[in-house]
Amino acid sequence: MLRTTPFHPRTAPLVQGQAWRRWAGYSVASAYELVHDREYAAVRNAAALFDVSPLHKYLISGRDAARLLDRMVTRDLTKCAVGQVMYTPWCDARGKVVDDGTISRLSDRVFRLTSAEPNLRWLSMNGAGMEVAIEEVSERLGALALQGPLSRTILQQLTPADLGALKYFRFIETTLRDIPVAISRTGYTGDLGYEIWVDAARAVPLWDALVEAGMPYGITPAGIWALDLARIEAGLVMLDVDYHSAHHALIEAQTSSPLELSLDWTVSWTKGPFNGQRPLRAEKARGPAWRFVGLAVDWGSLEGLYGEVGLPPQLPTVAWRTSTPVYKDGRQIGYASSGCWSPLLKQYLALAHLQAPHFGAGTSVEMEVTVEHRRRRARATVHAGPFFDPERKRT
Amino acid sequence: MTYDAILVGGGHNALVAAAYLARAGRKTLVLERRPLVGGAAVTEEVFPGFKFSVFSYVVSLLRPEIIRDLDLPRHGLQILPLESTVVPLDNGDYLGSWADPDLSRRELARHSARDAEAATLFGRLMHHMAMAVKPILGMVPPDPASLAPSDLRGLLSLGGHFRSLGSERFHALHKLMTMSSADYLDEWFEFDPLKATKSASGIIGTFLGPRSPGSAYVLLHHYMGEIDGAFRAWGFQKGGTGAISETIARAARSFGAEIRTGAAVEKVLTKGGRVTGVALGSGEEIAAPVVVSGLDPRRTFLELVDPKELPGELVDAIGKFKFRGSSGKVNLALSELPNFTCLPGFGPHLRGAMSISPSMDYLERAYDDAKYGEFSRNPYMDIVIPSLIDPGMAPPGKHVMSVFVQYAPYALNGGWTDAKREAFGDAVVDTIARYAPNIKSAILGRQVLVPPDIERITGLSEGNIFAGELALHQLFFFRPAPGWARYRTPVKGYWQCGAGTHPGGGIMGASGRLAALEILKEAGA
Ligand SMILES: Cc1cc2nc3c(=O)[nH]c(=O)nc-3n(C[C@H](O)[C@H](O)[C@H](O)COP(=O)(O)OP(=O)(O)OC[C@H]3O[C@@H](n4cnc5c(N)ncnc54)[C@H](O)[C@@H]3O)c2cc1C
């Protein structure tokens, strides 16, 4: 049996179509309703409530905690203040990404790391000889993400903390209706949003409090299908979908460096030694061979291809995750790794790995689309950065 | 300040036209009489804290090409799903149609297994019909009486298009164009409330009953939105329909258009058969070589210019153009949600439309009242609660309810008075109360709008929601008059772009876009 999350008693009765999905050995809802449009819309319109408990979570404490993490990850962790959260990838010695996640500095000597994959062994190996304790708290800690423009309004009803003062990528330890929680202003939707970390034993009352306070504000439990649409709009990379961990890659070509994933901003060139530093410096000097970019598929081109068979464009309602060739001048120059129709932007979007020199914003390329069982190519334009990046995310 | 083009009226069509003109580099000015743009697509805080899409309330036909060309999502377009329709029945049961096709089929099968099967085939036929008609929405109507090459080409391509349908679909289309929605639906379905609800979309905005010939065609408009279904452009605009108008206005401004509110145009100025500018109610005159009216045909031809400047046949045709507003709108501020006896308590049905169309006879009787000059004592209603979808529309825990009502004839026996307006409002609330008894005690505020109110506030003649009925003899190359369906007028430089031109009413923007493209084409830009 797959494991269930601490919110399962509340989420299970809401899943109308038995649409569950595996995530790190847990089952979580793909969608609660039979059609997930409303769940997605809540992310951009009101507030969507996601159960993100399956994330791996570690507490790293001790005199050398900061040193361990700083040596492991690409960002400069010595600059991470208490109460701050940093998103960062971490690499192997060849500068290829092992995983990515967030690190919260709970106190001078205590950090919490979240990751997509198990990292206990990797942490221990990197901490060999250091004065540091590593504890996996994945099961002890439930996690919810409340994402959307009304998320702050809802949370503020329940907590004495001043959420208006909580900046982007900061967290506080406080209470939500007497339940001790940590609230971080983070998420995977590219919108205003928070993640709430709670002792698994208090998970159900936390869910109830949020749903009750959120009702007048349109709070909507939402599943992974909705999350996937939002993260593609936000241009956020996903492990095992868009790239493979260097620890799982069977061949060199299956690995990616942070630069190849367009995560340059997460690599500090001034910090002390860290895993992959040397190869990354060399890669920076010669320029990355790949980039991870957005593609906006040209509607007219799509309409033309479907028009040839007498159909209006058939658009996916769920994000796809099948590697799809991208061409330029008849030659394959890369592949898209996820894509969706954006209900908000009214654009067909994809996230793609493109080879130099074809990844510049505005470059015109072609993406394979299957139109009535035939492989065709639709025009698309390279887009740098998130497709959707509202001001409210930061302000 | 001089302008290349002035738009009279700030309805969504004029705003679309302004955006296209400005995008092409034209110095463009929009003049709107009211303090806000949008016309029949406006959001107003009618009661403190309660915002309403005062007139039009759902978006279904806004053209995808406009959304793309003007980049509307970047300017604030955000359409939220409106997923279901539930019809309370007189026996206490209900008929529901949900976002999930399996759920809908099973629900319909509960009432008629035969209809549940037929619905699939009917849906496919309507898909084909909508596909057949769709190109016409994006086409400038050719003039069948003209021998100009462009008209002939247009007619030829239209003929070719219809030939390509094949005889089966062409015949189906012909039926759709000529039959009553009741007869058309009778050929497909047996469950009366289903037929009533489907045919209701054929009477909206017209002075026709479900058994009036020609009403079937309007059904098709409903399906037109559906072929673009995957595009997800059907539902509620966040912030109400006024937010759509504001979105288009923002796009227009981003291209450099100027928009003035509180600026009523009194006259369009002409000299020697050519437009020279406009005169405002304030006496101010603004010159421009191009003036585009976004008002309905009556105002465009008979009020803004001197009819003496126009050919007699045109004045005559416009005089005969049928408006006959037949719809009213009741906007309610609610302290709590309505509790429908057919589906008690809170449920997903409240986030969709509730349609008061329990039977064909019910609709026909509602029409009978109107035929004889009275408002329907038991009207057809399309009810939505936008605050459940967009919480910003009402204070937390409170709600707004939008009730579109038919029939409320413009020419009421003895004329509309305040007392009659309130009596109409009472009839609406009493009818809702039969299905949701708590409604009366939940009402915190009530706004009742009947056709003369719609006319007074938006300027739409006789309060016709589509700026002229969507009847077959008023569509395509007849809209608004034979020979003048190509957005031009007999006055050089004077153009029309409102919903009274092809392809007509609804928040569609197509008239505004096609008009602007014609203007630009003529200028050789
Ligand atoms: C009650 C009601 C419900 C409806 N429901 C729906 C619906 O749910 N979905 C849908 O798609 N459609 C609906 N419609 C139809 C739709 O709203 C209209 O067809 C459409 O908005 C018309 O747009 P327009 O730009 O052509 O004209 P209008 O919106 O009528 O704009 C004309 C503008 O011109 C201004 N004006 C008038 N005279 C002057 C002057 N002399 N000088 C300057 N400005 C002037 C007016 O103030 C107005 O702003 C509804 C309409 C009504 C009335």
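The values are calculated or read from the model by the stated rules, or taken from the named source; none is laboratory data. Just so it is clear, the model here is predicted, and its values are computed rather than measured. So basically every Cβ, Gly included, is an ideal-geometry build from the backbone, and we count neighbours across all protein chains shown. To get the accessible areas, we keep the full protein, side chains included, count just its heavy atoms, and leave off ligands, DNA and RNA. Shrake-Rupley method; radii C 1.70, N 1.55, O 1.52, S 1.80 Å.
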Original post:
Picking from A:229, A:250, which residue would you name as being of a type in the set (A, V, I, L, M) and open to solvent by 10 Å² or more (accessible area, probe 1.4 Å)?
Top reply: A:250
Subject >> Residue match in the range B:108-122 (condition: within 14 Å of chain A (Cβ to nearest Cβ), buried (at least 18 other Cβ atoms within 10 Å of the Cβ) and not hydroxyl-bearing (Ser, Thr, Tyr)) >> reply: no
Original post:
What number of residues within the range A:46-78 are in a strand (DSSP E or B) and either more than 30 Å from residue B:82 (Cα to Cα) or within 14 Å of chain B (Cβ to nearest Cβ) (or both)?
Top reply: 9
Original post:
With B:64, B:73 as the choices, which residue is within 14 Å of chain A (Cβ to nearest Cβ) and modelled with pLDDT of 95 or more?
Top reply: B:73
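This table checks each residue for (1) part of a loop (DSSP other than H, G, I, E, B); (2) in contact with a Gly (Cβ under 8 Å, 6 or more places away or on another chain); (3) farther than 23 Å from residue B:146 by Cα.
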site: B:427; (1), (2), (3): no, no, yes
site: B:437; (1), (2), (3): yes, no, yes
site: B:483; (1), (2), (3): yes, no, no
site: B:486; (1), (2), (3): yes, no, no
site: B:502; (1), (2), (3): yes, no, no
**OP:** Go through the range A:7-45 residue by residue and tally those that are within 11 Å of chain B (Cβ to nearest Cβ) and open to solvent by 20 Å² or more (accessible area, probe 1.4 Å).
**Re:** 7
Original post:
Is the range B:318-325 home to any residue that is over 28 Å from residue B:465 (Cβ atoms) and open to solvent by 60 Å² or more (accessible area, probe 1.4 Å)?
Top reply: no
**OP:** Mind listing whichever residues of the range A:316-344 are crowded, with 20+ Cβ neighbours inside 10 Å and within 12 Å of chain B (Cβ to nearest Cβ)?
**Re:** A:340, A:341, A:342, A:343, A:344
Original post:
Inside the range A:352-395, can you point out the residues that are of a type in the set (D, E, K, R) and in a strand (DSSP E or B)?
Top reply: A:366, A:368, A:374, A:375, A:376, A:377, A:379
Subject >> The listed residue being touching a His at 6+ places or on another chain (Cβ under 8 Å), within 23 Å of residue B:15 (Cα to Cα) and within 16 Å of the ligand (Cβ to nearest atom), out of B:468, B:500, B:504, B:509 >> reply: B:509
Original post:
Can you name the residue in the range A:29-65 that is under 16 Å from the mean Cα position of the chain (by Cα) and β-branched (Val, Ile, Thr) and is also nearest to residue A:318 (Cα to Cα) among such residues?
Top reply: A:43
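Suppose we filter B:240, B:281 for residues that are in contact with a Lys or Arg (Cβ under 7 Å, 6 or more places away or on another chain), open to solvent by less than 60 Å² (accessible area, probe 1.4 Å) and within 13 Å of the ligand (Cβ to nearest atom); which single one remains?
After ruling out the rest, the residue left standing is B:240.
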Subject >> Contacts under 6 angstrom Cβ, first residue in the range B:232-254 being over 28 Å from residue B:84 (Cβ atoms), partner modelled with pLDDT under 95 and outside any loop (DSSP other than H, G, I, E, B), 6 or more apart >> reply: none
**OP:** Give me a count of the residues in the range B:427-452 that are more than 20 Å from residue B:400 (Cα to Cα) and without any contact (Cβ under 8 Å) to a residue 40 or more places away in the chain.
**Re:** 0
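Taking the range A:79-108 as the region of interest, how many residues are part of a loop (DSSP other than H, G, I, E, B) and closer than 23 Å to residue A:284 by Cβ? Break it down into steps so the answer makes sense when it comes.
Start the filter on the range A:79-108 by keeping residues that are part of a loop (DSSP other than H, G, I, E, B), which leaves A:80-83, A:92-96, A:108.
Now drop any that are not closer than 23 Å to residue A:284 by Cβ, which leaves A:80, A:92-96.
Summing the residues that are part of a loop (DSSP other than H, G, I, E, B) and closer than 23 Å to residue A:284 by Cβ in the range A:79-108 gives 6.
On the basis of being touching a Ser or Thr at 6+ places or on another chain (Cβ under 6 Å) and either at positive phi or in a loop (DSSP other than H, G, I, E, B) (or both), does residue A:237 make the cut? Give the steps one after another, and end with the answer.
On the way: touching a Ser or Thr at 6+ places or on another chain (Cβ under 6 Å): no; either at positive phi or in a loop (DSSP other than H, G, I, E, B) (or both): yes.
No: the conditions fail for residue A:237.
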Subject >> Single unsatisfied condition, residue B:327 versus (1) more than 11 Å from the ligand (Cβ to nearest atom); (2) under 23 Å from the mean Cα position of the chain (by Cα) >> reply: (1)
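Give B:421, B:456 a once-over and let me know the one that is out of contact with any Ser or Thr (no Cβ under 9 Å at 6 or more places or on another chain) and either within 12 Å of the ligand (Cβ to nearest atom) or not charged (D, E, K, R) (or both).
On the way: B:421 fails: either within 12 Å of the ligand (Cβ to nearest atom) or not charged (D, E, K, R) (or both).
Testing whether each residue is out of contact with any Ser or Thr (no Cβ under 9 Å at 6 or more places or on another chain) and either within 12 Å of the ligand (Cβ to nearest atom) or not charged (D, E, K, R) (or both) leaves just B:456.
Conditions (1) outside any helix (DSSP H, G or I); (2) among the small types (Gly, Ala, Ser), marked per residue:
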position	(1), (2)
B:364	no, no
B:370	no, yes
B:377	yes, no
B:392	no, yes
B:404	yes, no
B:411	yes, yes
Subject >> One residue from B:32, B:65, B:45 being within 11 Å of the ligand (Cβ to nearest atom), among the acidic types (Asp, Glu) and under 30 Å from residue B:265 (Cβ atoms) >> reply: B:32
**OP:** With a cut-off of at least 1 residues that are crowded, with 24+ Cβ neighbours inside 10 Å, name the helices (runs of 4 or more DSSP H) lying wholly within the range A:109-217.
**Re:** A:151-156, A:203-214
**OP:** Kindly provide the set of residues from the range B:2-25 that are touching a Leu at 6+ places or on another chain (Cβ under 8 Å) and in a loop (DSSP other than H, G, I, E, B), ordered by number.
**Re:** B:3, B:4, B:9, B:10, B:24
Original post:
So, of the residues in the range B:375-400 that are closer than 28 Å to residue B:364 by Cβ and either of a type in the set (S, T, N, Q) or out of contact with any helix residue (DSSP H, G or I) (no Cβ under 8 Å at 6 or more places or on another chain) (or both), which turns out to be nearest to the other protein chains (Cβ to nearest Cβ)?
Top reply: B:384
Original post:
What about residue A:349, is it crowded, with 17+ Cβ neighbours inside 10 Å, assigned to a loop (DSSP other than H, G, I, E, B), within 14 Å of chain B (Cβ to nearest Cβ) and touching a residue at least 40 places away in the same chain (Cβ under 8 Å)?
Top reply: no
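Only residues that are part of a loop (DSSP other than H, G, I, E, B), in contact (Cβ under 8 Å) with a residue 60 or more places away in the chain and of a type in the set (Gly, Ala, Ser): list them for the range B:60-108, please.
Going residue by residue through the range B:60-108, those that are part of a loop (DSSP other than H, G, I, E, B) are B:60-63, B:70-71, B:76-78, B:81-84, B:89-93, B:98-100.
Retained after the next criterion (residues that are in contact (Cβ under 8 Å) with a residue 60 or more places away in the chain): B:60-63, B:70-71, B:76-78, B:81-84, B:89-90, B:92-93, B:98.
Across the range B:60-108, the qualifying residues are B:60, B:76, B:84, B:92.
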Original post:
Does residue B:47 qualify as being within 30 Å of residue B:299 (Cβ to Cβ) and at pLDDT 95 or above?
Top reply: no
